[in-house]
Amino acid sequence: MSALSERPANPVVGESIPHESASLHVTGLALYTDDLVGRTKDCLHAYPVQVFQAHATVTRLDPTPALDVPGVVRVLTAEDVPGVNDAGIKHDEPLFPSEVCYFGHPVAWVLADTLEAARLGAAAVVVEADPLPAMINVKEAIAAKSFQGAQPHMERGDVDAGFEEAAHVFSGEFEFAGQEHFYLETNAALAHVDENGQVFVQSSTQHPSETQEIIAHVLGVHSHDVTVQCLRMGGGFGGKEMQPHGYAAIAALGATLTGRPVRLRLNRTQDMTMTGKRHGFHAEWRVGFDRDGRLVALDATLTADGGWSLDLSEPVVSRALCHVDNAYWIPNVRVNGRIAKTNKTSQTAFRGFGGPQGMIVIEDILGRCAPLLRVDPMTLRRRNFYVKGQSTPYGQPVRHPERAVAAWDQVVATGDLNRRLEEVARYNAEHEDTKRAIGVTPVKFGISFNLTAFNQAGALVHVYKDGSVLINHGGTEMGQGLHTKMLQVAATTFGIPLSKVRLAPTRTDKVPNTSATAASSGADLNGGAVKNACEQIKERLLQVAATSLGISPADVRIEDGEAHGVAYTSARISWDELVKTAYFRRVQLFAAGYYRTEGLHWDSQLFQGEPFKYFAYGVAATEVEVDGFTGAYRTRRVDIVHDVGDSLSPLVDIGQIEGGYVQGAGWLTLEDLRWDESDRPSRGRLATQAASTYKLPSFSEMPEVFNVALLQQAHEDGAVYGSKAVGEPPLMLAFSVREALRQAAAAFGPVGISVDLPSPATPEAVYWAVEQARRATEHGHVQEGFPGVVPEQPGADAHPAHPTSEHYEKPVPARA
Ligand code: MTE
Ligand code: MOS
């Protein structure tokens, strides 16, 4: 056990406690950035001047009519920018663009006394723009070779030789959709400038340091002139890793130019039409299996739909490549990544950060090929699991592969799968119009930022004379429970009750140069830093206690708020007393903590290295029932076993697992982003720009039975108090619902047919999958080689192409 991971006796970490703000959340007392507006005097409101064309050159921008609107104070345009006119770090995102790159792109902002005046002002601004050809979908972009950014290449083994020796080779194509974050709190910023010109911006941001940097470069000032604070976010999910910067910069620019506070909050339509989403991808693949259904080769090209600018598309594609293997050993692999440039919002981080997009490719392949291999999907998946000693295609040894096995076995046992699979078979035999299926899928997800430098964090801990403790760390709270965990870490390290510790909001003037709270590594990184800061102070307090007790510091323990010697008879000193004594002995009672993850290296050119500290594992089994008349479905039961190491906060972790699963199920089954692809003037318009047309998971889609268990005996040596990251990995447990839907649709047809399922598998898509299955002829296609299941295509583009077998041998009987 490492010093980092070892827990003292009676640790506060590991206790099931509610989220630190739970009561504030449910009573409505929790303050979010925009709630501060009511407390801010003379605030101006910012409103965007959006251009409703997908691609165009701005030929005229005349703000003067807006100034005649009562209440309008100023119109911000490119001429107002004293520094760099760019909202990103790649310098491809002009804050005030002269070229409209997506439908609804804002080109100017109006400031007014009221939001309504700002809105009317924005409508009065005259903008003329000459249309340019617009690329809306990823296939058009591929055909036109419209790409941006790096094109990573990952290779291991000898792929061509792998295909030579493969008993079965299939190839296919798959296009799958992105996802709207739909955080409850839309993007918001509130900026002030003080008498010294010091800029203070409150922002709903996952990355305060980068928000600070971008405000500074827009204003042409230094980072020390700008402070960014994030109280909390009403959800981020990756959508606030990059996107908030430009809005914060607009507010800051408005505040510096007018001397008044400026508030910018997007309404839901603006947030949905202006901010980036999860990347949809296009994948082309060729896969080889041996006689027993073991993967021998994979050749794939993944193209992310990046939207109009790079944003985080490059690291998203890297993570997709790093997860194309999921939990499976593939000896020979070649995968290429590309980023399409399209006239859409600039797609960005979203829970899983490309990991889900890589993993869905292999899960889709296994789901489609299992029937063609005549192996049931559970057997096929389980047979291909990594074993000890193997490494990923990018060269990282797979540590703890046995945890995927343990989670799988536990799901099979506690989910009562053997009995339920029989029950499902019986049900399907007896019911013609509804069918059930259970899908079981694993998750292996790499934890750490791919870019090694980001894996560092800081903290600032104060112990006040009265014994109360205030902690600050570089991470942000977006509902995931990071602050709760950090309070528990501090209390554990000091050996004091939780009630003694308070946490102050995240600010760049407390902890500088922070990384985004992202990649699920918030608790690992900031937990390491908080622990380090607390240990420095504790070290000094142990000296003080040792002197008072007349023993060696090594023999002093601080537990439950009391210092004492190891002997039974030792005197006890209360924490408060100890702190007071330390103060009078002039002992420093505050410390800055720092943590860097050890042992990481990554060569992005070679696409090789050990970018991850460890892998998080999980397995889910989902049972669905599909209605053959409508394609409507219900999730009857979900069983999950997930590896969070030794949990820092079990209640929080279970919440993350449940939430992650449901959000993943939303992506894969309900949430359907549609852009206008017609040639009308509305080309490029997001058609699904409200909750009325964009279907989110809600209570009615919750699984009827939802069992979540944390994998036991899962200590992680390399992380704070033996824990593992939990934020993103559970999202990918939702592949089990997609695979269950595929299997249930297949059950409407003859035995052994391969069903293609679009993503999202909406009821409509499932209906067509059912039709596909119904029209397949009994076994015919299997003997003659796939595809034999080509249904009459309802809408030619609605379905991805079918896998084709290039040389299909006699089917292999399934082996348990
Ligand atoms: N949980 C809630 N409630 N709200 C969120 O916005 N974001 C997710 C995940 N869980 C999110 C969440 C994403 S995308 C990440 S990367 C992690 O939380 C970030 O927090 P962590 O690093 O502290 O786990
Ligand atoms: Mo999460 S997508 O890394 O913010």
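Only the coordinates and a few stated rules stand behind these numbers; no lab work does. Please read these numbers as outputs of a predicted model, since none were measured by experiment. Backbone-built Cβ (ideal geometry, glycine too); neighbour counts: all protein chains shown.
Okay, here's what the table says:
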read-out	value
Condition broken by Ala563, with the remaining ones in (1) away from ligand 1 (no atom under 16 Å from the Cβ); (2) touching an Asp or Glu at 6+ places or on another chain (Cβ under 6 Å) satisfied	(2)
Residue in the stretch 261-277 that is farther than 15 Å from Gly88 by Cα, in a loop (DSSP other than H, G, I, E, B) and more than 28 Å from the chain's Cα centre (by Cα) present	yes
Flag if Asp672 is closer than 21 Å to Phe281 by Cβ and in contact (Cβ under 8 Å) with a residue 60 or more places away in the chain	yes
Residue under evaluation Ala490, criteria (1) in a loop (DSSP other than H, G, I, E, B); (2) touching a helix residue (DSSP H, G or I) at 6+ places or on another chain (Cβ under 7 Å); (3) not β-branched (Val, Ile, Thr), criterion not met	(1)
Residue list for the stretch 136-152, filter: touching a Phe, Trp or Tyr at 6+ places or on another chain (Cβ under 6 Å) and more than 30 Å from Arg680 (Cα to Cα)	Pro152
Qualifying positions in the stretch 519-555 - in contact (Cβ under 8 Å) with a residue 60 or more places away in the chain and among the small types (Gly, Ala, Ser)	Ala519, Ser520, Ser521, Gly522, Ala523, Gly527, Gly528, Ala529, Ala533
Any hit, the stretch 508-519, residues being of a type outside the set (A, V, I, L, M) and more than 30 Å from Glu728 (Cα to Cα)	no
So Gly352, is it crowded, with 24+ Cβ neighbours inside 10 Å, not basic (Lys, Arg) and not in a helix (DSSP H, G or I)	yes
Qualifying position, being away from ligand 1 (no atom under 13 Å from the Cβ) and either closer than 30 Å to Leu711 by Cβ or in a loop (DSSP other than H, G, I, E, B) (or both), among Lys435, Lys465	Lys465
The stretch 17-66, subset within 26 Å of Ala255 (Cα to Cα), of a type in the set (Gly, Ala, Ser) and in contact (Cβ under 8 Å) with a residue 24 or more places away in the chain, residue surrounded by the fewest Cβ atoms within 10 Å (Cβ to Cβ)	Ala30
Strands (runs of 3 or more DSSP E) completely within the stretch 556-654 that count 3 or more residues being in contact (Cβ under 8 Å) with a residue 12 or more places away in the chain and within 30 Å of Ser520 (Cβ to Cβ)	590-596, 608-610, 614-627, 633-642
Yes/no for Asp299 being crowded, with 24+ Cβ neighbours inside 10 Å and closer than 19 Å to Glu175 by Cα	no
Residue list for the stretch 191-242, restricted to those being within 13 Å of ligand 1 (Cβ to nearest atom) and farther than 17 Å from His483 by Cα	Gly238, Gly239, Lys240, Glu241, Met242
Those helices (runs of 4 or more DSSP H) lying entirely in the stretch 358-431 with at least 2 residues touching a strand residue (DSSP E or B) at 6+ places or on another chain (Cβ under 6 Å)	402-414, 417-430
Options Gly293, Gly337, Gly288; residue that is over 17 Å from the mean Cα position of the chain (by Cα), more than 16 Å from ligand 1 (Cβ to nearest atom) and part of a loop (DSSP other than H, G, I, E, B)	Gly293
